[in-house]
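To start, the structure under review is shown below, and the notes come after it.
The values are calculated or read from the model by the stated rules, or taken from the named source; none is laboratory data. Model, not experiment: these values are computed from the prediction. Here Cβ is always computed from backbone atoms with ideal geometry, including for glycine, and neighbour counts include all displayed protein chains.
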Amino acid sequence: MSNRVVIGRRTSASNDRGLMISGLDTSSGSGTSASPYARANVLSVNAQNKGNAVHNFDSGEHVGGGFHVFHYAQGSLNKNTNTNVTHNWGKDNECATADRPLFALRWSYASDISSGVATKCYKPMDYTGELQIEEDEEDGQDEENFQAVEGVDVQHVNNNTINIDNLMLGDNGADNSHNGHTIYWALVVFYEDDWNGGRSI
Amino acid sequence: MGNRTRLGSLRTTHTVTAIHPSFAGIFSCTNAQAIKKYSTFSSNGTSNPGSNLYTYVTARNPTYSGTTYDVALNWGITVAVNDTVYFNWRENGIQVSKANVDATAGDTRKLLLDSRIRRRGQIYAMGSGINSNNAIAFKGSKSELGYIPLVVTGETNSGEATYSTGGNDSDYTTEASQFIFTKTTLTPAEAAADADNYDGTDKAIVAGRSDAPNVANLNFKVLRIPCAYGYMTSANFDNPTTTSANGMGTNTSPAVYKQLGNKRVLSGKLTNSTAGYSNVRGLYVSREGTDIESCNKDDFLFASDTGVINDEMRGEAQNLAVNYSTVVSSSAVPTPVAVTNINSSSSGSISVFNPYSLAPAVSTSYSNASSGQNSSVSFSSSVSNGLYSFTFSTTSSSTLSLTSGFNIQLSSLALL
């Protein structure tokens, strides 16, 4: 049976220190309860004496971060309104002024909410669908403009505060008839620095 | 070299830097980011101060008369500037740091595993290399989660897109990589509404990708982290609190909790009939207030893959560092953040080391903060013994920001 867990140094010739746990060796076994895949050997190293087996967890020097939840929040927003969520990540973590935390936002339509919880949710986005029908003099038809405008924007104001904006504008004043949507949002902020350029993951 | 891993007591050491002029028990100290609310306090590192006092942090960053202090204690314990003080998490556990970081400092931002935190990036299900617009039933035969989980996705066709829906003249979205998330499924979706029929309560997000770009090379990880309205509750996210005096001193106040006698960390062979495990091997950690040998699967903070496809413990979501060279050469802290500013006539670089025997899928892009992709920017890359180096340079008078477009799709460590 292969070694699965190392706490300390992987091998005497290796600089890897910390906690390493190997993943699976799918060349052996079938992934069933009766015949699980084998464990990869956590002591296996490459030419640089770095662990080269697939890992479930690796604290080697090539690993940049994980996902620890720092803050969570939820709420609802009427159309064309926004809210600031203060999570104090910058205040509670030693960080530079320009640093921002990684975060995830999901939102739902009102019709997705059942018994107070979401049954479906979506990622932030802005969307505009447009149609313009030109005037037809023979038919006496005027020019008509139709729009479908939906959007949920989220961005950090600073390293302590994130802004959520409901841009579900519906027809946006065009000739169709849609009053927009209220959204129900959920937010997770992580201890990890934002590696996604300010976009929600 | 600092300690990379510690097991047992999660105590941190600090020096008092400022005290409230009138109220005892309110002060600032060094390394305050390591202190969590409800951590216990000690002035000698071994016991609570006073007689029968159970002293802990009731507030972080309290503000008095315009001055913010790092901590407020539940008792008026007097400390002086330059005193050494100690904070200890209520239960023993495990902490693992990034390279070049001392785990005993307790700074979660620089830790890869901190058992004080209730929710972490444990993988419930995952997939990669998907080129289908069909729904993905990630639950399979696993037990259903009690919430809609956070699903982290990546695919080739992400970001801005223009297309045409039905009779529309044009459709535009800032994020083409849309999905419908439920407790059990991940369904590719698109924003697509016929504008002249968009009335009443019609919704733009619909299942499928009939108009927006197709799913291409999709990878996803389903994490044991609730992320949907209605599920963002203390019961789902916080460590347990109680007004019971169980495990504490005699002078207890509400909302503190210390339950003794639980096994939190197990390395080796685990049997947990509640979770359905018998003699599985690896490293396992339970959340505070629970025992790793009897807790539910959702109470696992950390687990190892059992090798059974239908099982729901698939390892950890981790990201590779993009500053590997400086981590090795100058003891930098590993970071996955690929944001670099390049002034005119200068260059910037990132480096990623992939030691694993699986070949990565690597792609790169960059953007200029002011004018999008810039022809004055030159880009070069090289690969040597698993080390990927990328260099950008510019001779323009503008400043180049390498931000989210600068992606290396090489983030998965828990590959199987």
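Looking for whichever is touching a Ser or Thr at 6+ places or on another chain (Cβ under 7 Å) and in a strand (DSSP E or B) here; the options are A:G197, A:G129. Which one fits?
Residue meeting the stated conditions: A:G129.
Are there any pairs, at least 6 apart or on different chains, whose C-beta atoms fall under 6 Å, with the first in segment B:213-233 and free of Cβ contacts under 8 Å to residues at least 40 places away in the same chain and the second of a type in the set (G, A, S) and in a loop (DSSP other than H, G, I, E, B), and if so, which?
Partner pairs satisfying both residue conditions: B:G230/A:G116.
Out of segment A:40-52, which residues are touching a Gly at 6+ places or on another chain (Cβ under 8 Å) and facing chain B (nearest Cβ under 7 Å)?
Passing the criteria: A:N46, A:Q48, A:K50, A:G51.
Could you tell me which residue of segment B:277-289 is modelled with the lowest pLDDT, considering only residues that are in contact with a Phe, Trp or Tyr (Cβ under 9 Å, 6 or more places away or on another chain) and over 17 Å from B:L7 (Cβ atoms)?
B:G289
From (1) modelled with pLDDT of 90 or more; (2) hydrophobic (A, V, I, L, M, F, W, C); (3) in a loop (DSSP other than H, G, I, E, B), pick out the condition that doesn't hold for A:A13.
(1)
Quick check on segment B:162-179. Is at least one of its residues in contact (Cβ under 8 Å) with a residue 12 or more places away in the chain, closer than 30 Å to B:A125 by Cβ, at the interface with chain A (Cβ under 7 Å from one of its Cβ atoms) and aliphatic (A, V, I, L, M)?
No, there is no match, as no residue in segment B:162-179 is in contact (Cβ under 8 Å) with a residue 12 or more places away in the chain, closer than 30 Å to B:A125 by Cβ, at the interface with chain A (Cβ under 7 Å from one of its Cβ atoms) and aliphatic (A, V, I, L, M).
Checking the condition at pLDDT 90 or above and either within 9 Å of another protein chain (Cβ to nearest Cβ) or under 27 Å from B:Y198 (Cβ atoms) (or both), which residue from B:A125, B:A135 passes?
Result: B:A135 is the single residue among B:A125, B:A135 that is at pLDDT 90 or above and either within 9 Å of another protein chain (Cβ to nearest Cβ) or under 27 Å from B:Y198 (Cβ atoms) (or both).
Can you name the residue in segment B:264-293 that is more than 22 Å from the chain's Cα centre (by Cα) and not in a strand (DSSP E or B) and, of all such residues, is surrounded by the most Cβ atoms within 10 Å (Cβ to Cβ)?
The qualifying residue surrounded by the most Cβ atoms within 10 Å (Cβ to Cβ) is B:A275.
Among B:V101, B:V96, B:V81, B:V85, which is touching a helix residue (DSSP H, G or I) at 6+ places or on another chain (Cβ under 7 Å) and within 30 Å of B:I26 (Cβ to Cβ)?
B:V101
Need a quick list: strands (runs of 3 or more DSSP E) entirely within segment B:131-233 having at least 2 residues that are of a type in the set (A, V, I, L, M, F, W, C).
Where strands (runs of 3 or more DSSP E) fall fully within segment B:131-233 and carry at least 2 residues being of a type in the set (A, V, I, L, M, F, W, C), they are B:149-154, B:178-181, B:186-191, B:205-207, B:218-226.
Residues of segment A:106-133 being facing another protein chain (nearest Cβ under 7 Å) and in contact with a Cys (Cβ under 7 Å, 6 or more places away or on another chain), which ones?
A:R106, A:S108
Does any residue of segment B:28-39 turn out to be buried (at least 18 other Cβ atoms within 10 Å of the Cβ), basic (K, R) and touching a strand residue (DSSP E or B) at 6+ places or on another chain (Cβ under 9 Å)?
yes
Any idea how many residues of segment A:157-194 are part of a strand (DSSP E or B) and touching a Lys or Arg at 6+ places or on another chain (Cβ under 6 Å)?
Qualifying residue count, segment A:157-194: 3.
Would you check if there is a residue in segment B:43-61 being among the aliphatic types (A, V, I, L, M) and within 21 Å of B:D238 (Cα to Cα)?
yes
Considering each of A:N196, A:N163, A:N158 in turn, give the residue that is within 19 Å of A:G90 (Cβ to Cβ), more than 10 Å from every other protein chain (Cβ to nearest Cβ) and out of contact with any strand residue (DSSP E or B) (no Cβ under 6 Å at 6 or more places or on another chain).
Selected residue: A:N158, the only one of A:N196, A:N163, A:N158 that is within 19 Å of A:G90 (Cβ to Cβ), more than 10 Å from every other protein chain (Cβ to nearest Cβ) and out of contact with any strand residue (DSSP E or B) (no Cβ under 6 Å at 6 or more places or on another chain).
Residues in segment A:89-106: is at least one at positive phi and outside any strand (DSSP E or B)?
Among the residues of segment A:89-106, not one is at positive phi and outside any strand (DSSP E or B), which makes the answer no.
Please determine, by comparing only the residues of segment B:223-260 that are at pLDDT 95 or above and out of contact with any Lys or Arg (no Cβ under 9 Å at 6 or more places or on another chain), which one is surrounded by the fewest Cβ atoms within 10 Å (Cβ to Cβ).
Within segment B:223-260, the match that is surrounded by the fewest Cβ atoms within 10 Å (Cβ to Cβ) is B:T233.
Please enumerate the residues belonging to segment A:45-83 that are free of Cβ contacts under 8 Å to residues at least 24 places away in the same chain and not β-branched (V, I, T).
The answer is A:N46, A:A47, A:Q48, A:N52, A:H62.
Does any residue in segment B:291-312 that is over 16 Å from A:R39 (Cβ atoms) and at the interface with chain A (Cβ under 7 Å from one of its Cβ atoms) come within less than 7 Å, Cβ to Cβ, of a residue that is surrounded by fewer than 24 Cβ atoms within 10 Å (Cβ to Cβ) and modelled with pLDDT under 90 six or more places away or on a different chain, and which pairs are these?
Filtered contacts from segment B:291-312: no entries.
If you scan segment A:1-39, which residues turn out to be touching a Leu at 6+ places or on another chain (Cβ under 6 Å) and either surrounded by 18 or more Cβ atoms within 10 Å (Cβ to Cβ) or at the interface with chain B (Cβ under 8 Å from one of its Cβ atoms) (or both)?
Hits for segment A:1-39 are A:V5, A:I7, A:I21, A:G23, A:L24, A:Y37.
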